[in-house]
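Everything on this sheet refers to the single structure shown next.
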Amino acid sequence: MDQAQAAPAEHFIRTDDGLTLCAAEYGTGGGAGGEGAGHGADRPTVVLLHGYPDTKEVWDAVARRLAARCHVITYDVRGHGRSEAPAPLRGGFTLDRLTGDFLAVTDALAPGRAVHLAGHDWGSVQGWEFTTSARTRGRIAGFTSLSGPSLDHLGMWLKRRALHPTPRNLAELLGQGARSWYVYAFHLPLLPELAWRGPVGAVFPALLRRREGMPADGYPTRSLPRDAAHGLWLYRDNVRPRLRDPRPDAYAHAPVQLIQPTDDPYVSARLHDGLEEWVPQLVRRTVPGGHWAPRTRPDRIARLLTDFIDSHSASGSAGAAGAAGPATVPAAAGRWAERLAGQLVLVTGAAHGIGRATAHAFARAGARVIAVDRDGEGAARTAAAARRLGAPDAWARTVDVADEAGMEKLAAEVAERHGAPDILVNNAGVGMAGPFLDTTVAEWRRVLDVNLWGVIHGCRLFGRQMAERGEGGHIVNVASLSAYQPSRSTPAYSTSKAGVLMLSECLRAELAGRGIGVSAVCPGMVKTNIIRTTRFAGADEEEEQRRREGVTRLYERRNYPPEKVATAILRAVLENEAVVPVTAEARVLGALARISPRARRALARIRPSS
């Protein structure tokens, strides 16, 4: 059985104060007692720390994805899962004792190695302690924080805002106070324990499934009521002392990756304002979803972890399970990198124009890019440029989107080699002009096969992959202002793009419940190669060339660059916009379609100048 699927090897490790901790190893490592001990020493070691009220199993889906290329360690924090609880509980959960537990586990399973650390919730709180403590200097190669602040940094954050009570600072204090209501409740005597061992513990799993989209896969574990009751002392032993007297020297001695879920109801992104003061090497990333991202977004979290590990590992051997090769985190520039770095983006029609500009824009943000076009050489040039621009990986594939079998083969290859795309941009298209009565059946088939059926193939194949993965995603379908503005001169093209717009609206409604956004982007007159290949129905070769040159001059005078459309596409993904008119004429005609349909129909009757 592949290590990524094999059951982890469990170990029981004694701490300095005599407790027994339950730890698990995934993949081959060099630790004592592990399966294949002494092997895989070239693999980075990753220690995953769980939060409250979880156990190590919260990381299981991520750990299995990492195990193909990393030596992965998880363990139950004292008092949780199969680890012993201190007696008495009071004073047994201080960060100093938790630091000793971390050192005991790594001494046993990764002796002499600097480990990569990732923590979620209270695991992240612990990770901040380990990454800023002199006691663990040299033991941590990098730290990934997910949904849990440093108590020292939080204490400084609170003090600065309390000392400068501006309206904004007060709003931030009150906002985080509302998010953290449970912290105050956990300091009450006995009542929280009774609640967790009673009604709260009984309904909590169903609440996670309803509010967080947590899969019904046997998590949380049956020990939840007891774990939650014990874990209350994490708050009681540490929160008040550290917030009241934070360490002024809590500087990170290892690189840090901060991952912020977009919809975390407990930890505001504002808590990390000014974090660069404490972390000399900081990378910020964002993932869609709620608090329990290790369970609801395991592919995305695993990919971010391996990217970060690769960029801070001498071996450079770690990579996302199933990836084509080792990934690296680029020095991605721009405002998009925090949200898009590491995501897998597939762009059709990527050899030229809007497709090429879009692939390059995602590459600058550090995304992985698959450039697809029937022009294989053009797609290869786009992929090569994407790698130079910052894409950690970029591939080119030669496929005609109108070819159903070719698209199915592409989808199978992408799934096998890279996994489901995070973002799909259906951009490939062809132009078609001329009166309806002059347009042949073959010409109709050509424009519908590429412009509409190409989008249908992409949405059907890759949308299904996104849905089956269960981690959301985004589909962008490039339509046109012709989708909502009729014209006597472009009936075939306008019909194809109107179909794309309606398909996008229908899919948006259907896939919203699966966390998959769908956007229809509607450019106007954009300076691309599409006019140079546009067919003009009913015209002989000489007349067709004359009309093509005339329209080309018009587009060149308009001089609207495809890079601006690419920016609109990135914005549509990040803001989950439904319909995005891009150019001024697209926005004006879109407004006219809503305000005065009669005027829109009058414009459609205008005969273009020849």
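The values are calculated or read from the model by the stated rules, or taken from the named source; none is laboratory data. Remember, predicted model here, so these are calculated numbers, not experimental data. Cβ coordinates were reconstructed from backbone atoms using ideal geometry, including for glycine residues, and neighbour counts include every protein chain displayed. Remember, those area values only see protein heavy atoms, side chains included, never the ligands or the DNA or RNA. Shrake-Rupley method; radii C 1.70, N 1.55, O 1.52, S 1.80 Å.
Flag: residue 356 matches the condition of being among the charged types (D, E, K, R) and crowded, with 17+ Cβ neighbours inside 10 Å. For the range 484-497, a residue qualifies if it is among the small types (Gly, Ala, Ser) and at pLDDT below 90, and the qualifying residues are 487, 489. Return the residues of the range 83-102 that are open to solvent by 20 Å² or more (accessible area, probe 1.4 Å) and among the hydroxyl-bearing types (Ser, Thr, Tyr); say none if nothing qualifies. Across the range 83-102, the qualifying residue is only 94. Scan the range 184-193 and give yes if some residue there is modelled with pLDDT of 90 or more, closer than 20 Å to residue 58 by Cβ, in contact with a Phe, Trp or Tyr (Cβ under 6 Å, 6 or more places away or on another chain) and open to solvent by 30 Å² or more (accessible area, probe 1.4 Å), otherwise no. No. Screening 105, 125 for residues that are open to solvent by less than 20 Å² (accessible area, probe 1.4 Å), over 19 Å from residue 238 (Cβ atoms) and at pLDDT 95 or above leaves exactly one candidate, 105. Taken over the range 427-462, residues that are of a type in the set (Gly, Ala, Ser), within 19 Å of residue 347 (Cβ to Cβ) and outside any loop (DSSP other than H, G, I, E, B) amount to 2. Counting the residues of the range 1-35 that are touching a Phe, Trp or Tyr at 6+ places or on another chain (Cβ under 8 Å), within 22 Å of residue 68 (Cβ to Cβ) and at pLDDT 95 or above gives 2. Among the candidates 348, 398, 382, the residue that is among the polar types (S, T, N, Q) and in contact (Cβ under 8 Å) with a residue 60 or more places away in the chain is uniquely 348.
Please work out if residue 158 is surrounded by fewer than 24 Cβ atoms within 10 Å (Cβ to Cβ) and on the phi < 0 side of the Ramachandran plot. So residue 158 passes the test. Cβ-Cβ contacts under 6 Å between residues 6 or more apart (or on different chains), taken from a first residue in the range 75-93 that is more than 14 Å from residue 18 (Cβ to Cβ) to a second residue that is polar (S, T, N, Q), are listed as 76/55; 76/83; 80/55; 81/55; 81/223. Close contacts from the range 463-478, counting a first residue that is assigned to a helix (DSSP H, G or I) and a second that is of a type in the set (Gly, Ala, Ser) and open to solvent by 10 Å² or more (accessible area, probe 1.4 Å), with Cβ to Cβ under 6 Å and a gap of 6+ residues or different chains, come to 465/415; 465/420; 466/420; 466/473; 469/420. Any residue at all in the range 184-192 that's without any contact (Cβ under 8 Å) to a residue 40 or more places away in the chain and under 30 Å from residue 288 (Cα atoms)? Within the range 184-192, one or more residues are without any contact (Cβ under 8 Å) to a residue 40 or more places away in the chain and under 30 Å from residue 288 (Cα atoms).
Just to be sure I understand, how many residues within the range 366-389 are hydrophobic (A, V, I, L, M, F, W, C) and at positive phi? The number of residues fulfilling the criteria is 0. Of all residues in the range 482-536, those satisfying the criterion of being in a helix (DSSP H, G or I), closer than 20 Å to residue 355 by Cβ, touching a residue at least 40 places away in the same chain (Cβ under 8 Å) and more than 30 Å from the chain's Cα centre (by Cα) are 493, 496, 530, 531, 533. Among the residues of the range 410-426, is any assigned to a helix (DSSP H, G or I), modelled with pLDDT of 95 or more, under 23 Å from the mean Cα position of the chain (by Cα) and not hydrophobic (A, V, I, L, M, F, W, C)? Yes; the residues of the range 410-426 include at least one that is assigned to a helix (DSSP H, G or I), modelled with pLDDT of 95 or more, under 23 Å from the mean Cα position of the chain (by Cα) and not hydrophobic (A, V, I, L, M, F, W, C). Within the range 409-424, the residues that satisfy the criterion of being more than 11 Å from residue 344 (Cα to Cα) and surrounded by 20 or more Cβ atoms within 10 Å (Cβ to Cβ) are 410, 411.
Does residue 595 satisfy the criteria of being among the β-branched types (Val, Ile, Thr), modelled with pLDDT of 85 or more and open to solvent by 80 Å² or more (accessible area, probe 1.4 Å)? So residue 595 passes the test. Among residues of the range 135-155 being over 20 Å from the mean Cα position of the chain (by Cα) and under 18 Å from residue 175 (Cβ atoms), the one that is least open to solvent (accessible area, probe 1.4 Å) is 155. Taking residues in the range 353-369 that are within 16 Å of residue 574 (Cα to Cα), and partners anywhere that are assigned to a helix (DSSP H, G or I) and open to solvent by 10 Å² or more (accessible area, probe 1.4 Å), the pairs with Cβ atoms closer than 6 Å and at least 6 places apart or on different chains are 363/389; 364/389. Within the range 258-277, the set of residues being assigned to a helix (DSSP H, G or I), open to solvent by less than 20 Å² (accessible area, probe 1.4 Å) and under 24 Å from residue 307 (Cα atoms) comprises 272, 275. Here residue 391 meets the list (1) open to solvent by less than 10 Å² (accessible area, probe 1.4 Å); (2) at pLDDT 95 or above; (3) over 26 Å from residue 456 (Cβ atoms); (4) not charged (D, E, K, R) almost entirely, failing just condition (2). The listed residues are 213, 218, 198, and the only one of them that is closer than 30 Å to residue 512 by Cα and surrounded by fewer than 17 Cβ atoms within 10 Å (Cβ to Cβ) turns out to be 218.
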